[in-house]
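All of the numbers you see were taken from the coordinates with simple rules; none came from a lab. All values reported here derive from a predicted model rather than from experimental measurement. Here the Cβ positions follow ideal geometry from the backbone for every residue, glycine too, while neighbour counts run over all protein chains shown.
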Amino acid sequence: MSSIVTLAIESSCDETSAAILKDGRQVLSNIVATQIEEHKKFGGVVPEVASRRHIENVQQVVQEALDSANMTFSDIDIVGVTYGAGLVGALLVGLSAAKAISFSLGVPLVGVNHIEGHICANFIAHKELEPPFMCLVVSGGHTHLVEVKDYGKYEILGQTRDDAAGEAFDKIARAIGLGYPGGSKIDRAAKLGDKQAIDFPRAYLEKDSYDFSFSGLKSAALNYLNSKKMKNEEIVIEDIAASYQEAIVDVLVEKSVRACKGKGLKTLVLAGGVAANSRLREKLEQNAAENGIDVKYPPIDLCTDNAAMIGCAAYYDYKNGRVSGLDLNAVPNLKIGKHMG
């Protein structure tokens, strides 16, 4: 059987990315044009600016991905693209490019769920990984506990009821003057602080719940900062970063390990931008090992948004008979497991 070559495009937030994959798991190229420097001055991603940059970057990034893989458009068998969740204007740029390529080449278009893409990054990083397994998806916009039952078959066990973990990191990083992007800066500052300096709340919610909530923790941290400022007391940024990070990590770890045990799964994988957090990895590995659970996570470049993970998800969707029409639209609030033809 001949190989399937996928061209994938990702433009859900502030990275314009294109990748070429062979049979879903072999990455031939993965080009990412990031806009972080551009959004830094605003303290976060500005949707309108992101969309414009995608328009400027997308053709060049696709061509670079082809060149880097020593391929031309005639080598492409399917086109995968993120159609949600994400910023609607940003998504539409990638979608438009993918539709144009799919139509002109006469090859199938496969719309991919961004969250499922993050999960699939692990298939690229770990060639031996096969479902079923548990996945903790943690990024700027998402915090999900997902049981991966098979390729393309997912069941959400828990998700955040308010802020995502990455969002919670970004908001406090801004409040203590670390700037954007917050996650990596909190991670670095926390290494120099005392994680038991401040007793921030942990929201475990109802008994047996796998859901998450970080808004109360964020409010507690902001109240702590305001109280210190009003009393003119010293604010130790490193201690706040370490204590705040620990409060988030404790909840993520406890629920992930409990979900694995509840479902009888021996493999737990991490996905999404916050999967790069060193304390999360360290504590998860430690707690999982004590319970006989194997932890896997992708390298840093596959944790953040990239098209290779989208190409992997597209391949398995295609194999499962999921192909999209050229009327496929952007779905900013797309839920995992929802597929639209």
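Note on Lys261 and Asn291: the extension gain reaches 10.0 nm, defined as 0.36 nm multiplied by sequence separation minus the Cα-Cα distance. Placing a label point 7 Å from the Cα of Asp327 along the Cα-to-Cβ direction, the residues of the range 105-125 whose backbone N falls under 19 Å from that point are 108-112. Cβ-to-Cβ counts within 10 Å put Ser68, Ser256, Ser219 in ascending order as Ser219, Ser68, Ser256, the fewest first. Note on the chain: percent of Cα-Cα distances in each 10 Å bin, starting at 0 and stopping at the bin with the largest distance, equals 6, 26, 32, 23, 10, 2, 0, 0. Within the chain, Cys13, Cys135, Cys260, Cys303 have no other Cys Cβ under 4.7 Å of their Cβ and so lack a disulfide-compatible partner by this rule. Here His144, His118, His126 are placed in order of increasing Cβ neighbour count within 10 Å, fewest first, which gives His126, His144, His118.
Run through the range 240-341 and list the trypsin sites (Lys or Arg not before Pro) located in a DSSP loop whose Cβ has at most 16 other Cβ atoms within 10 Å. Passing sites in the range 240-341 are Lys266, Lys335, Lys338.
Going by neighbour counts of Cβ atoms within 10 Å, the residues Cys260, Cys135 line up, fewest first, as Cys260, Cys135. Sites listed here are GluC sites (Glu not before Pro) in the range 39-136 whose DSSP assignment is loop and whose Cβ has at most 16 other Cβ atoms within 10 Å: Glu128. Estimated from helices alone, the mean residue ellipticity of the chain at 222 nm is -14000 deg cm²/dmol (sum of -39500 (n - 2.57) over DSSP H runs with n ≥ 4, per residue).
Rg to Rh ratio, the range 131-301, alpha-carbon atoms and Kirkwood radius? Using Cα coordinates only, the ratio equals 0.99. Here the Karplus curve 6.51 cos²θ - 1.76 cosθ + 1.60, taken at θ = phi - 60°, turns the phi angles of the range 151-160 into couplings of 4, x, 10, 10, 10, 7, 8, x, 8, 6 Hz, with x standing for Gly and Pro. With the simple spin-label model, which puts each label point 7 Å out from Cα in the Cβ direction, the Lys40 to Phe73 separation comes to 3.6 nm. With N counted as the residues of the range 1-100, its alpha-carbon radius of gyration over 2.2 N^0.38 Å works out to 1.09. Each distinct pair of alpha carbons in the range 234-315 adds a 1/r term; the inverse of their mean, the Kirkwood radius, is 14.1 Å. Looking at the range 131-301 alone, DSSP beta bridges between its own residues are antiparallel in about 60 percent of cases.
For the range 82-198, what is the Kirkwood hydrodynamic radius in Å, using each pair of distinct C-alpha atoms? With all distinct Cα pairs of the range 82-198 included, I get 17.0 Å.
Under the convention that each Lys and Arg Cβ holds +1 and each Asp and Glu Cβ holds -1, the size of the dipole of the chain around its Cα centre is about 460 debye. Each other residue within a Cβ distance under 13 Å of Ser278 adds +1 if Lys or Arg and -1 if Asp or Glu, for a net charge of +3.
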